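**Q** Quick one: the structure is below, questions incoming.
The values are calculated or read from the model by the stated rules, or taken from the named source; none is laboratory data. These figures come from a predicted structure and were not determined experimentally. Quick reminder, even Gly has a Cβ in these numbers, built from the backbone with ideal geometry, and neighbours come from all protein chains shown. All accessible areas refer to the heavy atoms of the entire protein, side chains included, with ligands and DNA or RNA removed. Shrake-Rupley method; radii C 1.70, N 1.55, O 1.52, S 1.80 Å.
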Amino acid sequence: MRTLIAILMMGLPLAAAAQPSTLDAVRARGELLCAVHTGLPGFAAAGPDGRVAGIDADTCRAVAAAALGDAGKVRFVPGSMADSLAATAAGRVDLLARAATQTMMRDTALGLAAAGVTVFDGQGFVVRRASGIEDMAGLEGRSVCVTAGSTNEQALADAAKRAGIAITPVALPTLPELLAAYGEGRCEALSADMVPLAGLVATRFGAAGHRMLADVISREPLGPFVRDGDRQWEQVAFWTVNAMIEAEAMGITSANAAAIRDGGPARVRRLLGGLPGIGAPLGLGDDWVFRVVTQVGNYAEVYERNLGAGSPIGLARGLNQLFDRGGLLYPIPMR
């Protein structure tokens, strides 16, 4: 028995070593394959010039900047949530960044690994102003559109049960189908994560005819996923997200990074590669954070241009502010 156990234990590192390296594959390919939710304002949506913009798109670009040195070397891969999750777990794409809620089951049962939180959100509702619905209690006996098979569908059912109200869910697989159903009046409310809903109200529905309810029925920490089992690539993605938050906390921006890389405080120079050591643990060059910040920006820059005051959505930072300014963003020390 001891011999068998010893053989099995000896085989574990060999099996792990046999797993392909995502970082090597990305470098060999020369581009990052990133699963996104196209057409979601503020997260990933193509503009008039065809460029995909949004906080998820910029997360993809930041990881490309870290891994390849060029934020432009990204190929965005559209698809449903189910297809994107499966493609990531199978290694057909390198990164998933599509307003995806990080949950225990996704992290443990789907062959995925969570890689940091980019947006702290919660699920809510949008309704027509003419409906007279003022709060969740007003949804009694009403129909609500929600994405089929999503965390939102389960949260909606749980919230209705807690509130003791009966609603009729209209569960559809894709965002275009949900928007069509809501637009055609097949449902009287649309339930999804509140930040994406705010983007839809601002850019598609119009605030004059639609409003968001104040009710928040769930916790939805949104962030990227990678394939489970590739610890190095998981760390590259996680620390890229953290680096953008840490850069904001240190006062490093895309505009001043070059000036302070060699002349700022030691902790700033270390983060930006002016002092050695930040790259080797991840298999990257020491200037990887510098490339992320100068090509994509720190977290504040990314948030503001996609979701905040510099965007059509105009959302306040709220929970997505730094910890010392009333938010939940608490960067892990990169030392």
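**Q** Under the classification rounded if a/c is under 1.5, otherwise prolate if a/b is larger than b/c and oblate if not, where does segment 7-163 fall, given a ≥ b ≥ c as square roots of the Cα gyration tensor eigenvalues?
**A** It is oblate, given that a/c is not under 1.5 and a/b is not larger than b/c.
**Q** A follow-up question, please. So how much accessible area does Ile332 have, in Å² to the nearest 10, using a 1.4 Å probe?
**A** 70 Å²
**Q** Taking a label point 7 Å from the Cα of Arg128 along the Cα→Cβ vector, which residues of segment 192-232 have an amide N closer than 18 Å to it?
**A** Only 201-202, 204-213 fall inside the zone, counting backbone N under 18 Å.
**Q** All other residues with a Cβ under 15 Å from the Cβ of Ala266 taken together, and with Lys, Arg as +1 and Asp, Glu as -1, what is their net charge?
**A** It works out to a net charge of +2.
**Q** Need one number: convex hull volume per residue for the chain, Cα atoms only, in Å³.
**A** Working: hull volume 53.3 nm³, N = 335.
Residue-normalised Cα hull volume stands at 159 Å³.
**Q** List the GluC sites (Glu not before Pro) within segment 141-223 that fall in a DSSP loop (any state other than H, G, I, E or B) and whose Cβ has at most 11 other Cβ atoms within 10 Å. Intermediate results must be reported in sequence, preceding the final value.
**A** On the way: sites: Glu153, Glu177, Glu184, Glu188; in loops: Glu184, Glu188.
Those that pass, being in a loop and sparsely packed, are Glu184.
**Q** How much mean residue ellipticity at 222 nm does the chain get from its helices, if each DSSP H run of length 4 or more adds -39500 (n - 2.57) and you divide by all residues, to the nearest 500 deg cm²/dmol?
**A** When only DSSP H runs of four or more count, the value is -11500 deg cm²/dmol.
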